[in-house]
Amino acid sequence: MPKVRVKKESVLTSDVARAAEVFSEYGDFIRAVIRYKVKNEARAGDLFQDFFLSLVSKPVPTGVQNVRSYLYRAIINDIVDATRRVENYKTRMNKYAECLNYSINKDNPENALIETEETNKMFKLIEGWLRRSEAQAISLRYRNSYNIKEVAKKMHVNNRTVSRYISAGLSKIRQFLIVKQGD
């Protein structure tokens, strides 16, 4: 059994040495590509270190003729993977936060259930009174507690458009409530 361990350690050592060799020769190129693509200096530093580990686990194949081209593609792939991981993490955290918002009760469970039902009815009425875009913007902003930027991303519009939707929708709701109070 010890022979297998020695063999694994020597393979790992040679992979680390090969990655270090690539970094010593192409380190400036690697750092420049990462900085150009990422813009955030702290994130670029993290990606630089992660790319070294990536080269240790998957070294540059021996038959590659243009190493810079191979490294460029590998860097881009690592950046895309890292961005997806961050986005997936944010999505999971938002979903988790939404779950917490609905499950935390300050009162007894009956009151929490009644409050949830009333909130659902209110948003259903809002959806019936307003244009779809205004209702969606208000629902995401106030029901799901998204900020303007998150609402804009979810609706595939810019921040200013979301602000206009929310402003117009709230204005219509106020007008409706004024009319109802007068009745």
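Give the residues of the range 15-53 that are open to solvent by 60 Å² or more (accessible area, probe 1.4 Å), closer than 15 Å to V67 by Cα and among the small types (G, A, S), sorted by residue number.
S24
For the range 129-169, name all the residues that are of a type in the set (A, V, I, L, M), part of a helix (DSSP H, G or I) and more than 23 Å from E98 (Cα to Cα).
The answer is A168, and nothing else.
If I ask for residues that are under 20 Å from T91 (Cβ atoms), surrounded by 16 or more Cβ atoms within 10 Å (Cβ to Cβ) and of a type in the set (G, A, S), which ones from the range 132-167 would you list?
A137, S139, A152
Tell me yes or no: at least one residue of the range 58-72 is at pLDDT 85 or above, closer than 30 Å to V151 by Cα, hydrophobic (A, V, I, L, M, F, W, C) and surrounded by 10 or more Cβ atoms within 10 Å (Cβ to Cβ).
No, because not a single residue in the range 58-72 is at pLDDT 85 or above, closer than 30 Å to V151 by Cα, hydrophobic (A, V, I, L, M, F, W, C) and surrounded by 10 or more Cβ atoms within 10 Å (Cβ to Cβ).
The values are calculated or read from the model by the stated rules, or taken from the named source; none is laboratory data. Being a predicted model, the structure only gives us computed values, none of them experimental. We place every Cβ from the backbone using ideal geometry, glycine too, and count neighbours over all the protein chains shown. Protein only, heavy atoms only, side chains kept; ligands, DNA and RNA dropped before computing areas. Shrake-Rupley method; radii C 1.70, N 1.55, O 1.52, S 1.80 Å.
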